[in-house]
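All remarks here apply to the structure that follows.
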Amino acid sequence: MSDRALLIIDLQTVYLPGMHRPEPVLARVAALADRARAAGAPVVYLRQIVPPDEVPAGVDPRELVGSIAPRPGDVVLDKHSADAFLDTGLAGLLRERGVRRIVVTGYSTEFCVDTAVRSGLSAGFDVTLVADGHLTSIPDAPPAAASGGSSEATPVSSVPARSVPPAEAALAPPAVVAHHNRVLGSIGYAHHAVTLARADEVSF
């Protein structure tokens, strides 16, 4: 039995419009989930409860992206904050299953992924952050904003409020991911630390 668990954070259909180029990351997460299951490692989905006034009509806010949907035996936990460990029972569930290291993937880099890494350390787990397995909500800047000109952010009614308007983005999406990889990868506590790894380097 593996002492590792894969965390898949907030990869919900309602957030797809705000994810920056999600297809390659979703494919990597799906492959990681298959490998985790094959190794007997828990696969745990964290699902954000989205306020009703942020959800477009006809959209199920709890629906997970089809390509990474849970399978029998996987665990799905709902959360009401950016913290995967706050009032979710996640830490207890992991300890009951003998987990010592969590492998973190999902959305979004600068909110729930960042928080999960830090909270996982505080909860007493070693952490592997999959460097190419998390997605930012920061969009590509429009040409005017990228060149320093004025640009009005266009509201996107189909995306919950987590997404950052293009004109307000200080860093390009790849730089956001790289920045968080560098910062989070340098964090270590007395007995626990963060390890960075590409998806194809992760073992369970």
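The values are calculated or read from the model by the stated rules, or taken from the named source; none is laboratory data. Please read these numbers as outputs of a predicted model, since none were measured by experiment. Every residue, glycine as well, gets a Cβ built from its backbone with ideal geometry; the counts of neighbours run over all protein chains shown.
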For region 129-139, state whether one or more residues are out of contact with any Gly (no Cβ under 6 Å at 6 or more places or on another chain), among the β-branched types (V, I, T) and surrounded by fewer than 23 Cβ atoms within 10 Å (Cβ to Cβ). no
Out of everything in region 14-43 that is in contact with a Leu (Cβ under 7 Å, 6 or more places away or on another chain) and more than 21 Å from G73 (Cβ to Cβ), what residue ends up being surrounded by the fewest Cβ atoms within 10 Å (Cβ to Cβ)? P22
Scanning region 50-85 for residues that are in a strand (DSSP E or B) and of a type in the set (V, I, T), the one nearest to F204 (Cα to Cα) turns out to be V75
Mind listing whichever residues of region 2-49 are assigned to a strand (DSSP E or B) and touching an Asp or Glu at 6+ places or on another chain (Cβ under 8 Å)? Q12, V43, V44, Y45, L46, R47, Q48
Among the residues of region 92-121, write down those that are in a loop (DSSP other than H, G, I, E, B), more than 12 Å from L11 (Cα to Cα) and either in contact with a helix residue (DSSP H, G or I) (Cβ under 8 Å, 6 or more places away or on another chain) or of a type outside the set (G, A, S) (or both). R97, V99, R100
Regarding T88, is this residue surrounded by 13 or more Cβ atoms within 10 Å (Cβ to Cβ) and either under 14 Å from the mean Cα position of the chain (by Cα) or of a type in the set (D, E, K, R) (or both)? no
Qualifying positions in region 173-204 - modelled with pLDDT under 90 and farther than 30 Å from R37 by Cβ: A190
